[in-house]
Amino acid sequence: MTFLREKDKTELSDAELVLQYRQQGDANVLGSLYQRYMDLIYGVCLKYLKEPDASKDAVINIYEELVTKLRKHEVEHFKSWLYTLARNHCLMELRKQKGKNTLEIPEQFMQSGEMLHLEDVLQKEEQLSSMEECLQQLAAEQKQCVELFYLYGKCYNEIVEQTGFEWNKVRSHIQNARRNLKLCMEGKEDDSW
């Protein structure tokens, strides 16, 4: 266990430290006393909880319990009392977990993000392929205007200059092409079902 440990500097007995803590409420005194038995408490927690991280958390939680309980209870044999406190804490944790059964689902039964991404890519490729087919079915003027507007990012005025069509005709070709593409794509979706 890798809790930060200082060497116990005090030569007082457990009983003397308990008495001093009860009288003064000094957290340093309690810390010195608790550090003597942290390895023992960790071992107890590991025995019951079977998980190192949960056991470390329990060691910290038991210390927090100790802050209040040691001031309320008369303790003659601190080590055995602390052992019982730790054991009871662990049993309570196990009792809480008992109602929370978890089931581990094997990976082969779960859908992965990669598979979902691959399905999206395949669906988009299929849509682009359908779009290309529908684009080929448009009238030449509609196709030219739509390609210049959507694929090459030209504005209406640039399309007028490039094609020689009137501005209203460019707008009409783009609107009609969009409608025709939409109808064609919807027809392809209906066919794929």
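Read the figures in this text as sums done on the coordinates, not as results from a lab. None of these values were measured; they are calculated from a predicted model. Note: ideal-geometry Cβ built from the backbone for every residue, glycine included; neighbour counts use all protein chains shown.
At a glance:
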| read-out | value |
| --- | --- |
| Separation in nanometres of the label points that stand 7 Å from Cα toward Cβ, at Trp167 and Asp26 | 9.0 |
| Spin-label pair Ala15/Ala54, simplified geometry with 7 Å Cα→Cβ offset, distance in nm | 3.8 |
| Region 14-98 - Debye-derived log10 I(q)/I(0), Cα point model, q = 0.12, 0.18, 0.24, 0.26 Å⁻¹ | -0.33, -0.71, -1.15, -1.30 |
| Per principal axis, descending, Cα span of region 130-192 in whole Å | 40, 19, 15 |
| Leu40-Glu74 FRET efficiency (beta carbon distance; Förster radius 22 Å; 0.05 resolution) | 0.55 |
| Calculated FRET value between Glu133 and Cys155, using beta carbons and R₀ = 30 Å, to 0.05 | 0.65 |
| Within-15-Å neighbourhood charge of Lys72 [Cβ basis; K, R +1; D, E -1] | -1 |
| Spin-label pair Lys96/Tyr83, simplified geometry with 7 Å Cα→Cβ offset, distance in nm | 2.5 |
